[in-house]
Amino acid sequence: MKRFSLLLVFEIIISVVSGILMSRMSWLGRIGINLVRTEYKFFKFWWKTALVLFAIQITIILIQWMVKRFCNPKGSRLIFFLFLLLGIAGLGYTYYDFSTVYEHRIMKERFHLGVYLFWAGWVASNLYFLVTPYSRDNQVTE
């Protein structure tokens with residue numbers, strides 16, 4: 001698949017920027033993470049957040065690569081489209097959650113933008129696999 005390395009570089013950049021933005025949450029959010037939601041302490045460190053986000057993105061890309069490699073084009077396009085809808089729904093639900101739940105609203109715009117960038121990376125990887133043409137090398141021969 002052509003330009004696959006560009007997708008990986010793009011996901012690395014998105015993960016690092018998202019990690020930096022999410023680590024710069026409000027001071028009230030930091031207090032909440034330290035006292036109440038201790039399982040989310042990794043959000044305080046940009047590199048830990050970036051690694052977690054990149055691991056999720058790589059897992060999604062690996063699943064999509066396997067689907068493209070082992071499924072027929074019609075079935076794989078359906079799966080990619082469902083992943084795309086899942087990403088758009090996740091973005092919409094995140095926006096709804098950040099605008100209605102007080103705990104999340106106080107995390108401020110930088111944190112929110114970092115999460116939105118994560119979903120943008122999700123959608124971008126799905127679009128990459130949707131528009132990448134199929135070739136004989138992509139398919140397993142029987």
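Below is a table of values for the structure above.
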{"quantity": "Segment R110-R77, extension gain: residue separation times 0.36 nm, minus the distance between their alpha carbons", "calculated": "8.5 nm"}
{"quantity": "Two-site FRET efficiency, F70 against I13, from Cβ-Cβ distance with R₀ of 30 Å, rounded to 0.05", "calculated": "0.55"}
{"quantity": "Contour excess over end-to-end distance, with Cα ends at I56 and K41 and 0.36 nm allotted per residue", "calculated": "3.6 nm"}
{"quantity": "Principal axis dimensions, largest first and in whole angstrom, of the chain by Cα", "calculated": "57, 27, 21"}
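Every number here is computed from the coordinates shown, using simple stated rules; none is lab data. These numbers come from a predicted model, not from an experiment. Using ideal geometry, Cβ is built from the backbone for each residue, glycine included, and neighbour counts are taken over all protein chains shown.
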